[in-house]
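Please read the structure below before turning to the comments.
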Amino acid sequence: MGNQVEKLTHLNYKEVPTADPTGMDRDEGPRIGVSYIFSNDDDELEQQQDSVHDLGGENPALQPYDPQLHEVECSVYYRDECIYQKSFSEEDTQLEEGDEGGGGHLSTYTPENLLNRCKPGDLVEFVCQAQYPHWVVYVGDFQVVHLHRLEVVNSFLTDASQGRRGRIANQLYRYKPLSPAVVVRNALEQVGCKDRDLSWRNSECFAAWCRYGKREFKIGGELRIGKQPYRLQIRLGDKRSHTLEFQSLEDLIMEKRRNDQIGKAAVIQELSSHLQTAEEEEEEEEDHHHPGAQTAVE
């Protein structure tokens, strides 16, 4: 992978140049979100799980999980096209029998329940509070293929879940999927690939590549030059949203997964603090440029 550098930590939102909070682009030139270089969030996931057992604390996977409480609603755009959406809107919240914590395609199930729902070629997303989501490709016979600890492995779905609830994630990305047979073949052909031979930074990128076959999910699949064509629109509630811009889908997915890991409340708190500071700075700038208006008010 060439000359490696130290792993970068995420900057807080105050330090991250972003798009206009209202979602309207301004003519101030291109702006970008965080770029992640040579990092792998699935490694962090394993470290978190190990630390839970080392400290003797309660495993988050065993705690009740409510997607609407913990997960961030967001949309991903490539230029003007929506390519990913996670929404708990009313039309998506019709509960099916046995559903818990969400509705429609965002409902989560126990691993045992998922086995009765999965078909070869399906993507499954395992979720848990305070952990990165883990994505797998279901290949049939109760087995999945997934990127785990820097290696593509074949496991039983129940083992890969590590006790977490999961959902079939076929509807999150809006790309046209490959046929189930091709998806399964893509996954099985990569079993055993590890370390420097890997072309994916995390389990989500690997699983999505298997299903859609797009190079954008691979490490370095896009050149990071010019205008930032990808936008991550984070919904804050009350018809408010905040938008971050990225030069590659790979970088955007890393940010989206970080939001999933820290949780909805933490993301909203970060953004609220950032937006409040930005509004105060804009007010100070306006007062500086229009001193007469301030005098008139007084």
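What's the total number of residues in segment 220-247 that are in contact with a helix residue (DSSP H, G or I) (Cβ under 7 Å, 6 or more places away or on another chain) and either aromatic (Phe, Trp, Tyr) or part of a loop (DSSP other than H, G, I, E, B) (or both)? The total comes to 4. When LEU244, LEU236, LEU172 are checked against the criterion of being touching a Gly at 6+ places or on another chain (Cβ under 9 Å) and either in contact (Cβ under 8 Å) with a residue 24 or more places away in the chain or over 22 Å from CYS128 (Cα atoms) (or both), LEU244 stands alone in meeting it. For segment 222-245, the criterion of being of a type in the set (A, V, I, L, M, F, W, C), more than 17 Å from GLN143 (Cα to Cα), modelled with pLDDT under 95 and crowded, with 17+ Cβ neighbours inside 10 Å is met by at least one residue.
One line per residue, one yes/no per condition, for (1) among the aliphatic types (A, V, I, L, M); (2) modelled with pLDDT under 95; (3) open to solvent by 20 Å² or more (accessible area, probe 1.4 Å):
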site: TYR77; (1), (2), (3): no, no, yes
site: SER87; (1), (2), (3): no, yes, no
site: GLU91; (1), (2), (3): no, yes, yes
site: GLU100; (1), (2), (3): no, yes, yes
site: GLU112; (1), (2), (3): no, no, yes
site: GLY121; (1), (2), (3): no, no, no
site: PHE126; (1), (2), (3): no, no, no
site: GLN129; (1), (2), (3): no, yes, yes
site: ASP141; (1), (2), (3): no, no, yes
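Within segment 179-219, count every residue that is of a type outside the set (D, E, K, R), open to solvent by less than 60 Å² (accessible area, probe 1.4 Å) and part of a helix (DSSP H, G or I). The total comes to 14.
The values are calculated or read from the model by the stated rules, or taken from the named source; none is laboratory data. Just so we're clear, the structure is a prediction, and the values are computed from it rather than from any experiment. Reconstructed Cβ throughout: ideal geometry from the backbone, glycine too, with neighbour counts over all protein chains shown. Each accessible area value is taken on the protein alone, full model and side chains, heavy atoms only, with ligands, DNA and RNA left out. Shrake-Rupley method; radii C 1.70, N 1.55, O 1.52, S 1.80 Å.
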